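Below: one structure, written as structure tokens.
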Amino acid sequence: MNVSMRVFLLACFFSLIALACVKWSSLQAAEPQPRVLMLTESKGFVHAPVKRTEGELAPSEVAMRQLSLDSGAFTLELSQDASTAITKENLKRFDVVLFYTTGKLPIKDDEMNYFVNVWLKQPKHGFIGIHSATDTLKDDPRYVELVGGSFNGHPWTQNTKVAMTVHEPSHPTVAAFGKALLMPEEIYQYSQFVPENVRVLMSLDMSGSDVKRPYHVPVAWVRSWGEGRIFYNNMGHRPDTWTNKQFLDSVLSSIRWTAGLTDGPTAPNPELSAAQQEKAKKDCAAVGITDATVAAEAAAKAKAREEQNAKKQQDKKQDKKADPAK
Ligand SMILES: [Zn+2]
């Protein structure tokens, strides 16, 4: 091979590499950025991470804004007004809606119908529920079915160390957590949770949790909704959860997953819930906790509360007697 031939081949080789680089960067640039609407309106309990102070965004909003800037993977709009956020017109501007809300949100009935039955059923549309999203719109069956359960107390209060098992560490939405995690968090138990409707990805591990209950407590799950996708994660009560890298990585991956950019199964896994139910029962029985001891504990607490109230009433009466002007 003569010199000019070698130079020609070398030139071809480098041209090909340059072409591949250009193609790759254009592919990178073409990666769609889901448009996320984050709603943090509280009509019930107001969590610290959603509290805005004068002129400042709430801690969870700051965290999400930073996540959007750092990753470049999604755009973000923040709202604390469901009445203007969840409308047919406004939803046109978004791919994923995230709720970290409480209570009876002021969404008009026809707008809610559109959101649940039309918008969310479209491909590449998604809903992410964080923490008290399940303590929201509890008397709207459309919403309860969508989010997957209804808040029914939290024996695991915010300083309780909870152990959680990740059943499917390969699922993009929870991959950031590895196989298990142990941290302080407020964890809910649910009414209206239907194992046949959802794919549970994380549950409480009673053997490692400070507070134990002899039943299954799911922590995170996914489901399909028409052609749309839903992800719910109970974590997020504590402000420091919003600076936890694993949690934020999971939020980022769940945005990409609910927007249809990655794959992960949604087929319901009720057999997993049944097995977890048995495991929780066994783990609790090992330390003497059963349905009967839990019921007795609840009854004792209720009685103590009653006695306390009765005492308060009596004290008030006596105060009045001593000073009739009160
Ligand atoms: Zn909470």
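Within region 207-224, is there a residue that is part of a helix (DSSP H, G or I) and either more than 16 Å from the ligand (Cβ to nearest atom) or under 19 Å from Glu145 (Cβ atoms) (or both)?
no
Does region 174-187 contain any residue that is surrounded by fewer than 24 Cβ atoms within 10 Å (Cβ to Cβ), in a strand (DSSP E or B), within 16 Å of the ligand (Cβ to nearest atom) and more than 14 Å from the chain's Cα centre (by Cα)?
Taking every residue of region 174-187 in turn, at least one turns out to be surrounded by fewer than 24 Cβ atoms within 10 Å (Cβ to Cβ), in a strand (DSSP E or B), within 16 Å of the ligand (Cβ to nearest atom) and more than 14 Å from the chain's Cα centre (by Cα).
Step by step: first the residues of region 55-108, then only those that are more than 18 Å from the chain's Cα centre (by Cα) and on the phi > 0 side of the Ramachandran plot, then the one that is surrounded by the fewest Cβ atoms within 10 Å (Cβ to Cβ). Which residue is that?
Gly55
With the structure loaded, tell me whether Ala280 is in contact (Cβ under 8 Å) with a residue 12 or more places away in the chain, among the small types (Gly, Ala, Ser) and crowded, with 16+ Cβ neighbours inside 10 Å or whether it fails that test.
Considered against the rule, which asks whether it is in contact (Cβ under 8 Å) with a residue 12 or more places away in the chain, among the small types (Gly, Ala, Ser) and crowded, with 16+ Cβ neighbours inside 10 Å, Ala280 comes out as yes.
So Pro155 clears everything in (1) at pLDDT 95 or above; (2) within 16 Å of the ligand (Cβ to nearest atom); (3) over 26 Å from Ala63 (Cα atoms) except one condition, right? Which one?
Tallying (1) at pLDDT 95 or above; (2) within 16 Å of the ligand (Cβ to nearest atom); (3) over 26 Å from Ala63 (Cα atoms), Pro155 fails exactly one: (1).
Look through Leu37, Leu120, Leu105 and report the one residue that is at pLDDT 95 or above and in a strand (DSSP E or B).
Leu37
May I ask you to say which residue of Glu168, Glu145 is in a helix (DSSP H, G or I) and surrounded by fewer than 22 Cβ atoms within 10 Å (Cβ to Cβ)?
Glu145 is the lone residue from the list that is in a helix (DSSP H, G or I) and surrounded by fewer than 22 Cβ atoms within 10 Å (Cβ to Cβ).
Looking at Thr101, is it under 29 Å from Asp263 (Cβ atoms), touching a strand residue (DSSP E or B) at 6+ places or on another chain (Cβ under 6 Å), of a type in the set (S, T, N, Q) and within 16 Å of the ligand (Cβ to nearest atom)? Outline the logic, then answer.
Values: under 29 Å from Asp263 (Cβ atoms): yes; touching a strand residue (DSSP E or B) at 6+ places or on another chain (Cβ under 6 Å): yes; of a type in the set (S, T, N, Q): yes; within 16 Å of the ligand (Cβ to nearest atom): yes.
Answer is yes for this residue.
What pairs come out if I take residues in region 229-244 that are over 15 Å from Val50 (Cβ atoms) and pair them with residues that are among the basic types (Lys, Arg) and away from the ligand (no atom under 15 Å from the Cβ) whose C-beta lies under 8 Å away, six or more apart or interchain?
Listed pairs, sorted by first residue: Arg229/Arg223; Ile230/Arg223.
From the residues in region 130-142 that are in contact with a Leu (Cβ under 8 Å, 6 or more places away or on another chain) and not in a loop (DSSP other than H, G, I, E, B), which one is surrounded by the fewest Cβ atoms within 10 Å (Cβ to Cβ)?
Just the residues of region 130-142 that are in contact with a Leu (Cβ under 8 Å, 6 or more places away or on another chain), to begin with: 130, 136-137.
Applying the additional criterion that residues be not in a loop (DSSP other than H, G, I, E, B) yields 130, 136.
Values: Ile130: 29, Thr136: 27.
Filtering region 130-142 for residues that are in contact with a Leu (Cβ under 8 Å, 6 or more places away or on another chain) and not in a loop (DSSP other than H, G, I, E, B), the one surrounded by the fewest Cβ atoms within 10 Å (Cβ to Cβ) comes out as Thr136.
The values are calculated or read from the model by the stated rules, or taken from the named source; none is laboratory data. None of the values given here were measured: they were computed from a predicted structure. Positions of Cβ are generated from backbone atoms using ideal geometry, with glycine treated the same way; all protein chains shown enter the neighbour counts.
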